1. Dipole magnitude of the chain about its Cα centre, charges +1 at Lys/Arg Cβ and -1 at Asp/Glu Cβ only, in debye to the nearest 20?
2. Report the residue, chosen from LEU135, LEU39, LEU24, that carries the largest GNM mean-square fluctuation when the chain is represented by alpha-carbon nodes joined by springs under 10 Å.
3. With a point put 7 Å past each Cα toward its Cβ, work out how far LYS93 is from ARG115 in nm, to one decimal.
4. Between TYR63, TYR36, TYR94, which gets the highest mean-square fluctuation from a Gaussian network model of the chain, Cα cutoff 10 Å?
5. For LYS62, go through the aspartates and glutamates and keep the ones whose alpha-carbon is under 16 Å away, minus same-chain ones fewer than eight residues off.
6. Just from its helices, what would the mean residue ellipticity at 222 nm be for the chain, if runs of 4 or more DSSP H residues each count -39500 (n - 2.57) and the sum is divided by every residue, rounded to the nearest 500 deg cm²/dmol?
7. Rank these for me by crowding, ILE129, ILE197, going from fewest to most other beta carbons within 10 Å.
8. Aspartates and glutamates near LYS13 by alpha-carbon distance under 12 Å, same-chain residues fewer than 8 away left out - which ones?
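Readers should treat all values here as calculations from the given coordinates under stated rules, not as data from a laboratory. Because the structure is a prediction, the values reported are computed rather than measured. Note that each Cβ is placed from the backbone with ideal geometry, even for glycine, and that neighbours are counted across all protein chains shown.
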Amino acid sequence: MSKNEGMYPVSIKGEIAEPLSRALWLVKWLLAIPHYIVLAFLWIAFAVVTIIAFFAILFTAKYPRGLFDFNLGVLRWSWRVGFYSCQALGTDKYPPFTLKSTDYPADVVIDYSERLSHGLVLVKWFLAIPHYAVLAFLVGGAYQSGRHSFMANGFQQFGRDPSTTCGLLLLLVLFAAIVLLFTKKYPKDIFKLVMGINRWLFRVIAYVSLMVDKYPPFRLWD
C-alpha cells in the first residue's frame, strides 16, 4: 500500500511535451488506429482477467500479482494513447506498443495491495454509482448508458476511438486544440482540468475493476 496516507493509490502522470505541433492533432486519431485495434483485444482480456481476479479475491483476499500487472499494463497503454490523442493531446510523441512502464510522458501508477476485502468485490460496482453520474457529465459516451454496468462500458471505452465520447472532457480538448492551432500553445488551466477529469476516470476504473479497495475521492486533484 502507499505510504502516503493522504494520497489515493491510483495516480496518472501527464507532462505536456512542448513545443506541440499546430495541426498534428487533426490526424492523431488516424495515426492511433493501430493502437485502437490492439486495445480492443486488450480490453477483452482485461475483462476476463478481472473476472478471474474477482474469484481470487473472493476466496483468498488477494489479487494475483501477475494478473494485476497485466491489467495495470492495459490501463497504462490506454492512457498513453489517450494522452497522445483525444483524451488530452498532450504530446506529439507516438505511444509505444507495450504494457510496461516507459519514459513516455504519460503513465499510470497503482499501488499493489497485498490483501483486499473479500466482501467489497461484490458491491464495488454498486458503491461507485455516484461516480457514474459525475463521469456521465465529465466524460460522456459509454458512461451515459443505463443498459450496461459501468465496468462493462469502461472495458469498452479504450478499445475504441475516444472521440466517440461526448462530455466536458472532449469539449475541453477540442477547445485546447483550436487554441493550439492558432497560437501553438496549450492553455495551462485547460490542461489541468483535462488531467483532473482523466485522473477521476482512472481512479474509478481501477476501483470498479477491483484493483484497489479505497473509495475514490470526489475531486479532480491528487
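1. The dipole magnitude comes to about 140 debye.
2. Comparing LEU135, LEU39, LEU24 in a Gaussian network model of the chain, the most mobile one is LEU24.
3. According to this spin-label approximation, the distance is 4.0 nm.
4. Highest fluctuation of the listed residues: TYR94.
5. Counting by Cα, and skipping residues close in sequence, LYS62 has these aspartates and glutamates nearby: ASP111, GLU114, ASP213.
6. Taken over the chain, the calculation gives -16500 deg cm²/dmol.
7. Values: ILE129 9, ILE197 24.
Listed from fewest to most nearby Cβ atoms, that is ILE129, ILE197.
8. ASP103, ASP107, ASP222
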